[in-house]
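FYI, it's all coordinate maths here, none of it is from the lab. This is a predicted model, so every value here is computed, not measured. Note that we place each Cβ from the backbone using ideal geometry, even for glycine, and neighbour counts take in every protein chain shown.
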Amino acid sequence: MKQRSNEEWLVALRGPERDKAIRDLRAVIVRGLKVNFAGRVRGLDETAEDFAQDALIKVLNNLDSFRGESRFTTWVQRIAVRVAYTELRRKRWRDVSIQEVLERHEKSGRESDALRDRTSSPERETARKMMVETLQSFIAEELTERQREAMVAVMFEGMPLEEAARRMDTNRNALYKLLHDARKKLKKRIEAEGLSPGEVLEAIGEE
Amino acid sequence: MLNPEDLGKLARALDMTREDEIGCDECFEQLDRFVETELADLDAAVAMPLVQDHLEKCGDCREEYEALLRALRAEQGSTSVSLIWARLRRLFGAD
Ligand SMILES: [Zn+2]
C-alpha cells in the first residue's frame with residue numbers, strides 16, 4: 001500500500017479514487033485491531049473485520065471534523081479503537097446489571113469481615129476499622145445516592161465507566177465528572193476534619 | 001458499603017484528586033497528539049499533563065490509549081521495515 005499524506009488521504013477519500021482509498025483505510029484499521037486482539041478475542045478475523053466496518057462508517061461520516069492536528073491514520077485508528085473497545089466492553093458486561101454489581105459488593109464486604117486478615121496487629125486493625133467508619137460516614141453525608149452507586153460500581157467493582165454510564169442513563173464523560181465531584185467533596189471533607197488522604201493511607205498501612 | 005479493601009483504593013484516589021481534571025471527551029480529543037508525542041520519543045506526560053493525569057485515573061481511556069499505542073507502534077514498525085527493504089532494493093539495483 002502506498003503511503004499518503006493527510007491531504008492525499010482526504011483528496012482520495014473524496015474523489016474518484018475513493019474505493020481504493022477506502023480499501024486501504026480498512027486494511028490499516030484491521031491491522032491495528034488485530035495487533036490488539038491477537039490471543040485475546042475469539043473469532044479474531046471476523047471481529048476485527050466487523051469493527052473495522054463500523055469504524056470506517058464513522059470515519060467517513062466525520063471526515064469534516066478532522067482538523068489535521070495529527071496524522072490522518074492516527075485519527076482514524078483512534079476512532080477505530082474507541083468503536084472496538086466500546087463494543088467489546090458491551091459484550092463482556094452484557095448480562096450484568098448494576099444492581100447485581102452493588103449486591104456483589106455488599107456480599108463481599110460481609111465475607112471479608114468474616115475472613116479478616118489475622119496477621120496484622122490489633123492496633124492496625126483498630127485504626128483501619130476507625131478509618132472505614134469515618135469515611136463511611138463522610139460518604140453517607142457528602143455524596144448523593146447516584147454518586148455512591150457509581151463509586152461502588154466503577155471504583156470498587158471495576159465496572160467500565162462506559163458500562164456503568166449506559167445503565168445509569170448518562171454518558172461516560174458525564175459519569176467521570178460525577179465521580180470527580182464525588183472525590184472532590186470527600187477530599188474536602190477529610191481536609192476539613194484536619195486529615196489528609198495521605199494520612200488515611202498511613203493509618204491503614206498503605207502509604 | 002465500604003469494604004476494608006476499598007479503603008485503600010478510595011484513599012489513593014482521593015490522594016490523586018485535583019481540581020482541574022479533564023473528562024473523557026477532552027482526553028479523547030487530545031489523545032492522538034498525546035500518542036504521537038510519545039511515538040516521537042518526546043515526553044507526552046510533561047507536554048500534556050492533564051491527559052496523562054486522566055489516563056492514570058480512567059480505566060476506559062487508559063485501555064483505549066494502550067490499544068492505540070500498540071496499533072500505531074505496529075504500523076510504525078511495519079513502515080520502517082518496508083522503508084528499509086525499499087532502500088535495500090535500490091541499493092542492489094532491484095528496482
Ligand atoms: Zn476517561
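Who wins for biggest fluctuation among A:ARG31, A:ARG172, A:ARG110 in a Gaussian network model of chain A, springs between alpha carbons below 10 Å?
Its mean-square fluctuation being the largest, the pick is A:ARG110.
Would you mind giving the mean number of other chain beta-carbons within 10 Å of the Cβ of each residue in A:139-149, as a whole number?
1
Distance from the Cα centre of the stretch A:155-194 to that of the stretch B:1-80, in angstrom?
17
Please list, or write none, the aspartates and glutamates whose alpha carbon is within less than 13 Å of the alpha carbon of A:LYS20, excluding same-chain residues fewer than 8 places away.
A:GLU8
Where does helix A:18-37 land angle-wise versus the long Cα axis of chain A, in degrees 0 to 90, nearest 10?
Compared with the principal axis, the helix lies near 30 degrees.
For chain A, modelled as a GNM with alpha-carbon contacts under 10 angstrom, which of A:ALA153, A:ALA127, A:ALA55 fluctuates the most?
Of the options given, A:ALA127 has the highest mean-square fluctuation.
Considering every pair of different Cα atoms, what Kirkwood radius, in Å, is found for chain B? List each step's numbers first, then the result.
Working: mean 1/r = 0.0620 Å⁻¹.
Hydrodynamic radius (Kirkwood, Cα pairs) of chain B is 16.1 Å.
Can you quote the Å³ per residue value for the convex hull of the Cα atoms in the stretch A:6-93, rounded to an integer? List each step's numbers first, then the result.
Working: hull volume 7.8 nm³, N = 88.
So the per-residue hull volume is 89 Å³.
In degrees from 0 to 90, rounded to the nearest 10, what is the angle of the helix A:44-61 Cα long axis to the longest principal axis of chain A?
80
Could you give the C-alpha radius of gyration of the protein assembly as shown expressed as a fraction of 2.2 N^0.38 Å, taking N as the number of residues it contains? Kindly include the intermediate steps, with their values, before the conclusion.
Working: Rg = 23.6 Å, N = 302, 2.2 N^0.38 = 19.3 Å.
Rg over 2.2 N^0.38 Å, computed on Cα atoms: 1.22.
For the stretch A:61-105, which trypsin sites (Lys or Arg not before Pro) are in a loop by DSSP, counting at most 14 other Cβ atoms within 10 Å? Don't skip to the end; give the middle numbers.
Details: sites: A:ARG67, A:ARG71, A:ARG78, A:ARG82, A:ARG89, A:ARG90, A:LYS91, A:ARG92, A:ARG94, A:ARG104; in loops: A:ARG67, A:ARG71, A:ARG94.
Loop-located and lightly packed - A:ARG67, A:ARG94.
Out of the stretch A:1-77, which chymotrypsin sites (Phe, Trp or Tyr not before Pro) are coil in DSSP terms and have no more than 13 other C-beta atoms within 10 Å? Intermediate values should be presented prior to the final figure.
Values: sites: A:TRP9, A:PHE37, A:PHE51, A:PHE66, A:PHE72, A:TRP75; in loops: A:PHE66.
Passing both the DSSP loop test and the Cβ count: no residue.
Where q = 0.10, 0.11, 0.14 Å⁻¹, what log10 of I(q)/I(0) comes from the Debye formula for the stretch A:78-207, counting one point per Cα?
Results for the stretch A:78-207 at q = 0.10, 0.11, 0.14 Å⁻¹ read -0.42, -0.50, -0.77.
To test your reading of the geometry: what angle, between 0 and 90 degrees and rounded to tens, separates the Cα axis of helix A:172-192 from the longest principal axis of chain A?
The angle comes out near 30 degrees.
Give me the Kirkwood hydrodynamic radius of the stretch A:118-165 in Å, from all C-alpha pairs, to one decimal place? Provide the component values of the computation, followed by the final result.
Numbers: mean 1/r = 0.0802 Å⁻¹.
Kirkwood radius, the stretch A:118-165: 12.5 Å.
What's the average, rounded to a whole number, of partner chain beta-carbon atoms within 10 Å of each residue's beta-carbon in B:28-39? Spell out each step's value before the answer.
On the way: counts 5, 3, 2, 6, 12, 4, 1, 4, 4, 1, 0, 2.
For this peptide, the per-residue mean of nearby foreign Cβ atoms is 4.
Would you mind checking the pairs A:LYS91/B:LYS57; A:LYS107/A:LYS185; A:LYS91/A:LYS188 and listing those with alpha carbons more than 31 angstrom apart? Write down the numbers at each step before the final one.
Numbers: A:LYS91/B:LYS57 23 Å; A:LYS107/A:LYS185 27 Å; A:LYS91/A:LYS188 38 Å.
Violating the 31 Å limit, Cα to Cα: A:LYS91/A:LYS188.
Considering every residue in A:151-157, what mean count of other chain Cβ atoms within 10 Å of its Cβ is obtained? Please list the in-between numbers first.
Details: counts 6, 4, 0, 3, 5, 7, 1.
For this peptide, the per-residue mean of nearby foreign Cβ atoms is 4.
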